[in-house]
Structures are given as structure tokens and as C-alpha cells.
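> Take this structure, written in C-alpha cells, and hold onto it; I'll ask about it next.
Read the figures in this text as sums done on the coordinates, not as results from a lab. What you see is a predicted model; the values in this text were computed from it and never measured. Neighbour counts run over all protein chains shown; Cβ positions are idealised from the backbone, glycine included.
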Amino acid sequence: MSTPSVSPHLQELFDVTLEQCSLSPANQQRQAAVRNDDTFAKNSMDIGYCSVLEHDIDTGDAHPISNSLLADLRFLLEMPKMIFLMRCYRLV
């Protein structure tokens, strides 16, 4: 029986984990990664959704942070690239 291979997008995570494990836990890690391959994002545009768990983020008494004009400008400059990538991955 051949050992299942870890998907390329999980290989780095597996390699780092492998450095800290003995052989048996490493095999268990590989099997878990292969079994749950579709759970992990495959790239920066792999936008997932999970309705199983909802959570609140308690910000206390903190006020919303307002973006500076410079941050807004950077966002506007990156927008065409983001739209292009979203089209490539058929998100829009």
C-alpha cells in the first residue's frame, strides 16, 4: 500500500510539523492532512465559509479604527489586482 501524498498547498505545513514529530505521529499527521485536504485553503483566493460555528469578537469599549487616507489609497491601487485574481478563481 502506497503512502498517500500531501497536497502541494499543505506540504510546507506538513514539513514543519514533521521536523517536530517521530515517525508514527508524522504518519498520523500525513493521513490527517490527506483526509482533510478540502478543509484547508489552497491559495489566497480560496475563500471559505463555515456555518457550523458563529462567534462574537469582543472589542470592549474600543472605538472602530478609521483608515488613513494612505491606507485607502493603497487599497485602491491593489483593487484591480484583487479583481483580476477573483475573476481567475471565478469568485466574481
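> Under the 0.36 nm per residue contour assumption, what length would be gained going from the current alpha-carbon distance of ASP46 and VAL16 to full extension?
8.6 nm
> Now a separate question. Give me the net charge of TYR89's neighbourhood, meaning all other residues with Cβ under 10 Å from the Cβ of TYR89; Lys, Arg count +1, Asp, Glu -1.
In short, +2.
> Local charge sum around LYS42 (other residues, Cβ-Cβ under 15 Å, Lys/Arg +1, Asp/Glu -1)?
Charge balance in the 15 Å sphere: -3.
> Cut-off is 10 Å between beta-carbons; in what order do THR17, THR39 appear when sorted fewest neighbours first?
Result, fewest neighbours first: THR39, THR17.
> For ARG35, ARG90, what ranking results if the residue with the fewest other Cβ atoms within 10 Å of its Cβ goes first?
Starting with the residue having the fewest Cβ neighbours, the order is ARG90, ARG35.
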